[in-house]
Amino acid sequence: MSQKSKSFSELRCDAVSGDWVVVAAGRGKRPDQFGLKRDVSSSTAKTGCPFCVFFDRSLPKGSGIVVVDNKYPAFSPDAGLGKAFGQGFFKKKPALGFHEVVVLKKHDIQLADVSLDELKELIGVYQERYLILSAKKGIKYVFIFHNQGPLAGASITHPHSQIIANNVVDFGFLRPLKASQAFYAKNKKCLYCQVVKAEMKNKERIVDENKSFVALCPFASKISFEVMIFPKNHSPYFERISEEEKADLADILKSVLIKIKKGVGDPDYNFFIRTSPCDKASYPYFHWHLDILPKTAIYAGFELGANMEIITMAPEQAAEYLRKIKV
Ligand SMILES: [Zn+2]
Ligand SMILES: [Zn+2]
């Protein structure tokens, strides 16, 4: 029963649904600093913060963001390029990939409060890392996300985003991907473009917009005050974002985050970027976007079991409310 070699995470396939899950036992060792969140008042380096130390050293001028490997990765480049193994009902494959942490400079700050320049720099780092990681052997998807606060799963207070590049396209994404592919095949148009166009005409669920992007509460929001940000022009690939679009994305993201912080009682939240897979296929029918999910409810039995959320604020009301909040 002895296990001499280092254990890596593994992917396991559900024999009935075909869905993959990650078994990452090593991540049980993550540090837990929840108690720090509301106690701190100054913005100097915090004793014991594993991220503040990166900024103690003298960094080149202008370096406000540092990218490091996650110390407790869900996916590892050393997991091997092996194909599926396991047998019968118990199919597995190595959880090959990269798990990086993108660390902002200041300890006590939320993204809503960082400067537009820093937010644009952060988006630029997302793009840079995306391009590097997506080119690695065996990588099929690069997932960029940000957890704000303990309820959203941030185990370290210091603001940071995460990037997971791995060897599967997650099952949650396959359904919208297939739906947009089917719509495109039938109508020769992007489904997302059509929905965004209809939303912009209708206006009642629009939260904010600028030259390149529109932010809206989706018609069938998954949680109260969910906000999605779409590029106005059709684009399947986040990584092709231009300099001007990066500035516009920083602008609208900051605006939406401030509105949520001010208007919804400073909730914890998650956001993530949905872009096309990087598995060498082309995805002309997909339209990248950013999805912000404030923690305004806790998933209970029905939500988890039936996979159907009950929201208590109509998206039209949520959008009207957020729209009116001055930033
Ligand atoms: Zn820190
Ligand atoms: Zn589109």
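Observations on the structure shown:
- Residues being of a type outside the set (V, I, T) and open to solvent by less than 70 Å² (accessible area, probe 1.4 Å) - total across region 180-205: 14
- Residue within region 142-157 that is more than 26 Å from A318 (Cα to Cα), part of a strand (DSSP E or B) and away from ligand 2 (no atom under 16 Å from the Cβ) present: yes
- Residue satisfying all of: in region 117-139; surrounded by fewer than 18 Cβ atoms within 10 Å (Cβ to Cβ) and among the basic types (K, R); nearest to ligand 2 (Cβ to nearest atom) among these: K136
- Of all residues in region 286-311, those satisfying the criterion of being open to solvent by less than 20 Å² (accessible area, probe 1.4 Å) and in a loop (DSSP other than H, G, I, E, B) are F286, H287, W288.
Residues are listed down the side, and each one gets a yes or a no for (1) within 16 Å of ligand 2 (Cβ to nearest atom); (2) over 19 Å from the mean Cα position of the chain (by Cα):
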| position | (1), (2) |
| --- | --- |
| P176 | yes, no |
| F183 | yes, yes |
| K186 | yes, yes |
| F225 | no, no |
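- Criterion violated by I252 - all others in (1) under 29 Å from K324 (Cα atoms); (2) in a helix (DSSP H, G or I); (3) open to solvent by 10 Å² or more (accessible area, probe 1.4 Å) satisfied: (3)
- Here region 88-116 is the region considered, the condition is being among the aliphatic types (A, V, I, L, M) and under 16 Å from H146 (Cα atoms), and the residue that is surrounded by the most Cβ atoms within 10 Å (Cβ to Cβ) is L104.
- Matching residues, region 283-300, being without any contact (Cβ under 8 Å) to a residue 40 or more places away in the chain and more than 17 Å from Y269 (Cα to Cα): A300
- Filtered residues of region 211-230 (kept if over 17 Å from A198 (Cα atoms), surrounded by fewer than 16 Cβ atoms within 10 Å (Cβ to Cβ) and in contact (Cβ under 8 Å) with a residue 40 or more places away in the chain): K222
- The set of residues in region 274-285 that are surrounded by 20 or more Cβ atoms within 10 Å (Cβ to Cβ) and out of contact with any strand residue (DSSP E or B) (no Cβ under 8 Å at 6 or more places or on another chain) comprises S276, Y285.
- Which numbered condition L191 misses (of (1) of a type outside the set (S, T, Y); (2) away from ligand 2 (no atom under 16 Å from the Cβ); (3) closer than 30 Å to A297 by Cα): (2)
- Candidates Y269, Y321 - the one that is at pLDDT 85 or above, surrounded by 13 or more Cβ atoms within 10 Å (Cβ to Cβ), more than 16 Å from ligand 1 (Cβ to nearest atom) and more than 21 Å from the chain's Cα centre (by Cα): Y321
- Among (1) touching a strand residue (DSSP E or B) at 6+ places or on another chain (Cβ under 8 Å); (2) modelled with pLDDT of 95 or more, the one test that N167 misses: (2)
The values are calculated or read from the model by the stated rules, or taken from the named source; none is laboratory data. In this text the structure is predicted, and so the values were computed from the model without any measurement. Cβ coordinates were reconstructed from backbone atoms using ideal geometry, including for glycine residues, and neighbour counts include every protein chain displayed. Please note that ligands, DNA and RNA were not included when accessible areas were found on the heavy atoms of the full protein model with its side chains. Shrake-Rupley method; radii C 1.70, N 1.55, O 1.52, S 1.80 Å.
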